[in-house]
Amino acid sequence: MPRVNHQKRSAIMGKSDVQIEDCSGLTAREKPLFSGSRRAMAPGAEGVVFNIQRFSLHDGAGIRTLVFLKGCPLRCLWCANPEGQSGATEIRYDKNGCIGCGACIDSCPEGAVSQEPATGFTISKASCRACGACVRACPSGAKSEWGETRDADEIVDIVKRDSLFYRHSGGGVTIGGGEVLFQPAFACEVLRKCRELGLNTAIETSGYGDWPWLERIAEYCDTIFYDLKIVDRHEHRRITGVDNETILDNLRALDEMLVSRGTDRPLHLIVRVPVIPEVNADTENMAAIGTFIRSELHNTSTVELMPFHNLCEQKYEQLGRPYLLKGRAGLMPEKVEPLKKTLTDMGLNCTIMSW
Amino acid sequence: MPGFGPTARVEELKTRFLTYKPNVCIERARIYHHLYFQSEEVRDEPLIVGRALAFAKLLRERTIYIEDGQLIAGSMGSRPRAFPIYPESVGDDLLDEYRKLTTRAFDRFEFSDADLMELEEILPHWHDSSLRQILFPDMDAEEKKLFLMDPENNIVKGTNIFSLDVPLYGPAGHITPDYQTVLEIGFQGIKARAEKRLGRARQDNDKNAIDFLRAAIISCDAITDFGKRYAELARQMAKEETDADRRAELLTIAAACDQVPGLPPRTFQEAIQATWFLFVGIQQEAFQRCYSVGRLDQYAYPYLQADLQGGRISEERAQELLDCFFLKFPETNYINSEYYSHIASGFPSQQQICVGGQTPDGKDATNDLTYMCIQSSINTRLHQPSLSVRFWEGSPDALVEKTCELARLGTGHPSFFNDRRVVPGLVGKGIALEDARDYSSVGCASVQPTRKDKGSQNGGYINFAAALDFALHDGWWPLGNRQMGIKTGNPREFTSFEEVVEAFGRQLGYLIGVYSRASVKLEKIHRDRVPTPFVSCFVQDCIDRGLDRSAGGAVYNFGFSPRAVGLADVVDSLTAIRKLVFEDGILTMNGLMDALDADFKGNEHVRQMLKAKAPHYGNDDPRADDIAQKVVDIYVAETNRHRSLFGERFHPGFSSVSANIPYGTVISALPNGRQAWQSLADGCSPCHYVGKEGPTAAALSVGKLDHEGMTGGSILNIKLMPAAVAGETGLKNFVSYVKGALEAGVWHVQFNVVDSEVLREAQAHAEKYSDLLVRVAGYSAFFTGLSRPLQEDVIDRTEHCRC
Ligand code: SF4
Ligand code: SF4
């Protein structure tokens, strides 16, 4: 595979460079969350959840319920869950579901909603305080909230409902997001309770967070899906907005943990690589990832490749945010075969997760 | 047991089948007409004997053929996919329809002008035989008003508030007779029993019994001789056959047909040949749909086992034979009215084969033949027969796996039946435990004790949503513009949710009351006008009792039972009223009624609120599911207040087939945001687009309902994208889902594993997808043969896979 040259990359990244600069620093509302107030909360804390998805089949063993936590310090430009990035509640506007009644305009105390010919009843991010008045006023559900503060017990109650399906399938709960480490105490509590119920537990994480928290969370996990996007530090920063030093350190530490955990209830660590054309979908990057796993991890050899898809386009629109990969075709899983081969040739156990 | 794929013969038979066009065969009408109107033969005979004589004459005189390459002989008409005409129960009701058969939009038939002309000549003589012509004049004014759109002038056009549907066209159907006994003693053995019993009847001078038993004896000989005609034909063909292998096959067929069904089969081939003759026979005798082969894997297994042990057959050859048997089913056709072809297009006939489950003494019934039947469905992949697989606590994992392998092919087969709900349900209806354990599926989601049930279970539909429509209009029928229900008060004055539910319950109770009166009348007409002595020969204990099944000769004599249509619409509507009007107070009854009466015109915001701000049934949400439980309880309690002709309770159910589409056309706007004329939800499935929580939640919601009360069965349709069940992991998850759904307590579940893109593509390029099978609420059909609204319906069904 030819090396992707930098010019070509900047063709897509051109504008995003600016944006990444912007969002690697978080907005005023998000910042306090990240800088500690939520993280420091005692177990039993409430958390902000933006989706709970039952009958999920592709994030761990068996039939699972996925709990999506809100908030993520990374800003990957291909993010499939953009509504999970901000830690605060956001208002979603689904133009297709809108009947144009105007109730949202009338209800907004901030005057944040305006009617635009092309985009409908849009919200000005600058003025919106996410008070939810427009959501309550909206008859059709076209305005709705992304992110709801919920109690750990509440979440566990919902997760529990599919217990009999977990029992037959070996499934359970997977916590993803957003970023699990963005609300570590809450994640920990939900996992602990699920585990008490004997459910299989998993998380999906970017690995960007404090090791002590990750260590504690890992204690309650059967499986950890760990994102590894790019090994090159600068490239990683450019593409995701953050450095990967912590990520790689945490991954090494987790890998160590696999051994200390023992065989009683073993921990499984699976490296997940999002495969994004013109970003990291080259053999060179894949070889770097393979080399890292081979040389620096001693107990991990399973990799899942996640070919890029564009099923999330609409969500960016509903958030009123630009999407730089808009209109781009999804990557056909078979196209990823050569990358898979790169990894299998290195002795890794690699699967392509089709979308 | 390894599964053997289709042989070249099976592939060829299937390919050839796909080229056959449905066609009309008028021989049956001609032969019956000749007997009744142009001869003296039946003039002085009792009605039932006349019917047996007609059956015998038909089997003696009609054209027969053996298809090239087929190993099983016997067919419905003079060529494949031929549909016979049944003047003795349908009269000239459908004459208008027959005229349109070659040109109508769906389910067209080949039908020559000469044949049509002959029918035009024949059928008017049979005008008074139509069950409809007999029933409707016998109805009281109230029944007429509820059943017929224009009772004074037209007895064909129904209201879609009710129908008696299936039993209005013929006397039998929905029946699983006693194949096992026929295999054990042959029809000559049955005849011997009948003769013995006739002797006693003569001593007792029991006129009814004498007539019935004479008719039974005539029928036994008729079916025996029918087999012999095929033996003769096979020998003839063998003489002319140049290929030595085929000649040998024809001679084997000849030997089989000499033996069965008169005498007990000696081999597996003869056992399934006998079964096929009986199956054809019951459909020659009378018009109905939903005849069942029942527990083939139970009664035919000993013959297979003996052949395998004796080295007379290889497993591969046995599979091929069974595949050939399966390929006979889609040859069977029914003519539906043009109207019905819109609602249930795709030539549905719901011929069930039911495998797995437990034995009468409560042991696991799974055997090699169970797996082979599933394999045959995999090998043939056609819309018929409908395969059902029963599951109970003791079913082996391998059975669930094999069944899921079939289900994920996307042919819509099989139906998964849940013994955990069915067996206690049947016991609760007074059926002995061992008979309940020996149940077979019939029709879509119904069940009955095999061999001992009178049959004829589907007694048409009741529009569940109509009860709500009437409750919201004080008994007035907005779209029909007349008073239909009873007076239950002005809804604008309701001050509590309980008043709404009570009004609904009373309207439903009223509808069910009128329905039961009419259905008992129709049962009497079946008894008095269209007895079925042939099939009664092998329904226990008709011979012993000396009574036709229609006269109560069976061990169990349940009557027709209603299927309700629109459960999810009613539940979501009531839930929305409770939440928005009586809990949150965002709406008033007045505001709601204004919006409904305007069909939401100028009230779109109200419609949106009703949809968006209330919980929905099917999401495992107690705030909607408790109402579902409540309305099901009302339905069960109301049906339990009535009795069939023979004093049994009804088997109420929720299985709409496709009646949810026409039944929606008579219902005005509902408080779940559904606008007037739109389709209702199918079976007991959630409304389209609201199944947000996915298939696990749907199964949990449905599992909460009182299925033991709803022994008429209820269908849960789950649509899955192929990706969800692909590969080894997909299969494993699919298996787990099925196990979970059964444990959650669904009565029945079936899957539509197909993606909507494929379906859209198929809409655009029908020719490329002529073998694309879809399960549409209770049956499988060819997708491209479906009407446009039905296609849309399939596509819209809640997408459950988020992958
Ligand atoms: S959430 Fe509140 S502030 Fe934001 S747009 Fe809606 S009403 Fe206005
Ligand atoms: S209230 Fe809702 S439906 Fe009405 S204009 Fe605003 S977003 Fe659209």
Selection within the range B:402-418 - touching a helix residue (DSSP H, G or I) at 6+ places or on another chain (Cβ under 8 Å) and in a strand (DSSP E or B): B:Phe416, B:Asn418
Restricting to the range A:141-151, and then to whatever is away from ligand 2 (no atom under 14 Å from the Cβ) and assigned to a strand (DSSP E or B), can you tell me which residue is nearest to A:Cys98 (Cα to Cα)? A:Trp146
Out of the residues in the range A:136-152 that are within 14 Å of another protein chain (Cβ to nearest Cβ) and more than 20 Å from A:Glu83 (Cβ to Cβ), which is nearest to ligand 1 (Cβ to nearest atom)? A:Ala137
Filter result for B:Leu146 (in a helix (DSSP H, G or I), modelled with pLDDT of 90 or more and within 22 Å of B:Ala54 (Cα to Cα)): no
Look through the range A:200-217, keep the residues that are touching a Lys or Arg at 6+ places or on another chain (Cβ under 8 Å) and hydrophobic (A, V, I, L, M, F, W, C), and return whichever of them is nearest to A:Phe50 (Cα to Cα). A:Ala202
Qualifying residue in the range A:185-197 (condition: more than 21 Å from A:Gly47 (Cβ to Cβ), out of contact with any Lys or Arg (no Cβ under 7 Å at 6 or more places or on another chain) and either away from ligand 2 (no atom under 16 Å from the Cβ) or more than 14 Å from chain B (Cβ to nearest Cβ) (or both)): no
Given the conditions (1) farther than 26 Å from B:Ile512 by Cβ; (2) away from every other protein chain (no Cβ under 14 Å); (3) in contact with a Cys (Cβ under 9 Å, 6 or more places away or on another chain), which single one is not true for B:Val632? (1)
Selection from the range A:318-339 of residues that are under 20 Å from the mean Cα position of the chain (by Cα) and small (Gly, Ala, Ser): A:Gly320, A:Gly330
Within the range A:92-106, can you find the residues that are within 10 Å of chain B (Cβ to nearest Cβ) and more than 16 Å from B:Met609 (Cα to Cα)? none
Just one of the numbered conditions (1) within 18 Å of A:Lys70 (Cβ to Cβ); (2) out of contact with any Asp or Glu (no Cβ under 8 Å at 6 or more places or on another chain); (3) of a type in the set (Phe, Trp, Tyr) is not true of A:Tyr208; which one? (2)
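Let's see how each residue does on (1) touching a residue at least 24 places away in the same chain (Cβ under 8 Å); (2) among the β-branched types (Val, Ile, Thr); (3) on the phi > 0 side of the Ramachandran plot; (4) not in a loop (DSSP other than H, G, I, E, B):
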site	(1), (2), (3), (4)
B:Ser573	yes, no, no, yes
B:Ile577	yes, yes, no, yes
B:Val581	yes, yes, no, yes
B:Leu587	no, no, no, no
B:Leu592	yes, no, no, yes
B:Leu596	yes, no, no, yes
B:Phe600	yes, no, yes, no
B:Leu610	yes, no, no, yes
Across the range B:746-767, which residue is surrounded by the most Cβ atoms within 10 Å (Cβ to Cβ) among those that are over 22 Å from the mean Cα position of the chain (by Cα) and in a loop (DSSP other than H, G, I, E, B)? B:Val754
Select from the range B:692-728 the residues that are in a loop (DSSP other than H, G, I, E, B), within 14 Å of another protein chain (Cβ to nearest Cβ) and modelled with pLDDT of 90 or more and list them in ascending order. B:Lys704
In the range A:125-140, which residues are in a loop (DSSP other than H, G, I, E, B) and either within 10 Å of ligand 2 (Cβ to nearest atom) or not hydrophobic (A, V, I, L, M, F, W, C) (or both)? A:Lys125, A:Ser127, A:Arg129, A:Gly132, A:Cys138, A:Pro139, A:Ser140
Out of all the residues in the range A:153-175, which are facing chain B (nearest Cβ under 8 Å) and in contact with a Phe, Trp or Tyr (Cβ under 7 Å, 6 or more places away or on another chain)? A:Phe165, A:Gly171
By residue number, the members of the range A:276-321 that are polar (S, T, N, Q) and within 30 Å of A:Tyr93 (Cβ to Cβ) are A:Asn310, A:Gln314, A:Gln318
Selection over the range A:65-112 where residues are within 15 Å of ligand 2 (Cβ to nearest atom) and touching a residue at least 60 places away in the same chain (Cβ under 8 Å) yields a count of 5
Enumerate the helices (runs of 4 or more DSSP H) found wholly within the range B:40-140, keeping only those where 2 or more residues are more than 26 Å from the chain's Cα centre (by Cα). B:47-61, B:113-122, B:131-138
Evaluate the following for A:Ala133: is it within 14 Å of ligand 1 (Cβ to nearest atom) and either without any contact (Cβ under 8 Å) to a residue 40 or more places away in the chain or surrounded by 15 or more Cβ atoms within 10 Å (Cβ to Cβ) (or both)? yes
Criterion: touching a strand residue (DSSP E or B) at 6+ places or on another chain (Cβ under 6 Å) and more than 14 Å from chain A (Cβ to nearest Cβ) - qualifying residue of B:Leu567, B:Leu596: B:Leu567
Considering residues that are more than 9 Å from ligand 1 (Cβ to nearest atom) and in a loop (DSSP other than H, G, I, E, B), the number found within the range A:89-124 is 9
Scan the range A:190-227 residue by residue and report those that are in contact with a Gly (Cβ under 7 Å, 6 or more places away or on another chain) and more than 17 Å from A:Leu251 (Cα to Cα). A:Cys194, A:Leu199, A:Asn200, A:Thr201
Are there any pairs, at least 6 apart or on different chains, whose C-beta atoms fall under 6 Å, with the first in the range A:327-355 and more than 14 Å from A:Asn280 (Cα to Cα) and within 14 Å of another protein chain (Cβ to nearest Cβ) and the second among the hydrophobic types (A, V, I, L, M, F, W, C) and surrounded by 13 or more Cβ atoms within 10 Å (Cβ to Cβ), and if so, which? A:Pro333/A:Ile352; A:Ile352/A:Leu305; A:Ile352/A:Val336; A:Met353/A:Met306
Residue check, B:Ala612 within 14 Å of another protein chain (Cβ to nearest Cβ), aliphatic (A, V, I, L, M) and surrounded by fewer than 21 Cβ atoms within 10 Å (Cβ to Cβ): yes
I'd like the residue in the range A:77-88 that is among the small types (Gly, Ala, Ser) and within 16 Å of A:Ile123 (Cβ to Cβ) and, out of all such residues, is nearest to ligand 1 (Cβ to nearest atom). A:Ala88
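The values are calculated or read from the model by the stated rules, or taken from the named source; none is laboratory data. Keep in mind it's a predicted model, so treat the numbers as computed, not measured. Please note: Cβ atoms are built from the backbone with ideal geometry, for glycine as well, and neighbour counts cover all protein chains shown.
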